[in-house]
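Chemist: Please see the structure below; I have some questions.
The values are calculated or read from the model by the stated rules, or taken from the named source; none is laboratory data. The structure displayed is predicted, hence computed values, not measured ones. Note that we place each Cβ from the backbone using ideal geometry, even for glycine, and neighbour counts take in every protein chain shown. Please note that ligands, DNA and RNA were not included when accessible areas were found on the heavy atoms of the full protein model with its side chains. Shrake-Rupley method; radii C 1.70, N 1.55, O 1.52, S 1.80 Å.
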Amino acid sequence: QVQLVESGGGLVQPGGSLRLSCVASGTIVSMSIMTWYRQARGKQREWVATIEPGANTAYASSVWGRFTISRDSAKNTLYLQMNSLSPEDTGVYYCHHPPTVSWGQGTQVTVSS
């Protein structure tokens, strides 16, 4: 059973940065495809970024150049570094393991002055 636990969300001013973490158990992060999604209030959940076992990455156009997905094999942890944040980035961010359709509980990110 795959379990995913996100952390690192919070309140940040526009232009600021946050790094989200997702600690995984029941799977090896470095050997799995892993993704980040987000959901703004009243909107559908949307894909943000993906990292493949071979370290290839992909990003939604709305975050490209500002967000970076990465992983730490020793800690079995997935990360999302978010820079140049804007109010449009506000939402709950979820870690997702597609092979088992597992989701974390989410972490709230609020970008506001």
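Chemist: Taking THR100 and the conditions (1) surrounded by 12 or more Cβ atoms within 10 Å (Cβ to Cβ); (2) at pLDDT below 95; (3) more than 14 Å from VAL2 (Cα to Cα); (4) hydroxyl-bearing (Ser, Thr, Tyr), which numbered condition does it fall short on, given that it satisfies the others?
Modeler: THR100 satisfies all of (1) surrounded by 12 or more Cβ atoms within 10 Å (Cβ to Cβ); (2) at pLDDT below 95; (3) more than 14 Å from VAL2 (Cα to Cα); (4) hydroxyl-bearing (Ser, Thr, Tyr) except (3).
Chemist: Tell me whether segment 2-15 contains one or more residues that are open to solvent by 30 Å² or more (accessible area, probe 1.4 Å), modelled with pLDDT of 95 or more and farther than 20 Å from VAL109 by Cβ. Walk me through it before giving the result.
Modeler: Filtering segment 2-15 for residues open to solvent by 30 Å² or more (accessible area, probe 1.4 Å) gives 3, 5, 7-9, 11, 13-15.
Next cut, modelled with pLDDT of 95 or more only: 3, 5, 7-9, 11, 13-15.
This time we only want the ones that are farther than 20 Å from VAL109 by Cβ, so: 3.
Looking for residues that are open to solvent by 30 Å² or more (accessible area, probe 1.4 Å), modelled with pLDDT of 95 or more and farther than 20 Å from VAL109 by Cβ, one finds at least one in segment 2-15, hence yes.
Chemist: Are there any pairs with C-beta distances below 9 angstrom linking a residue in segment 87-100 that is at positive phi and touching a residue at least 12 places away in the same chain (Cβ under 8 Å) to a residue that is open to solvent by 40 Å² or more (accessible area, probe 1.4 Å) and assigned to a strand (DSSP E or B), with the two at least 6 apart or on different chains, and if so which?
Modeler: GLY91/GLN39; GLY91/GLU46; GLY91/GLN108; GLY91/THR110
Chemist: Next question, about the same structure. Return the total of residues in segment 40-61 being more than 18 Å from THR77 (Cα to Cα) and open to solvent by 60 Å² or more (accessible area, probe 1.4 Å).
Modeler: Number of matching residues: 8.
Chemist: Sort out which residues of segment 16-31 are among the small types (Gly, Ala, Ser), open to solvent by less than 30 Å² (accessible area, probe 1.4 Å) and over 11 Å from ARG71 (Cα atoms), and write them in order of number.
Modeler: Once the filter is applied, which keeps residues that are among the small types (Gly, Ala, Ser), open to solvent by less than 30 Å² (accessible area, probe 1.4 Å) and over 11 Å from ARG71 (Cα atoms), segment 16-31 yields only GLY16.
Chemist: While we're looking at this one, here's another question. Within segment 62-81, how many residues turn out to be surrounded by 13 or more Cβ atoms within 10 Å (Cβ to Cβ), in contact with a Ser or Thr (Cβ under 6 Å, 6 or more places away or on another chain) and not charged (D, E, K, R)?
Modeler: Total meeting the criteria: 4.
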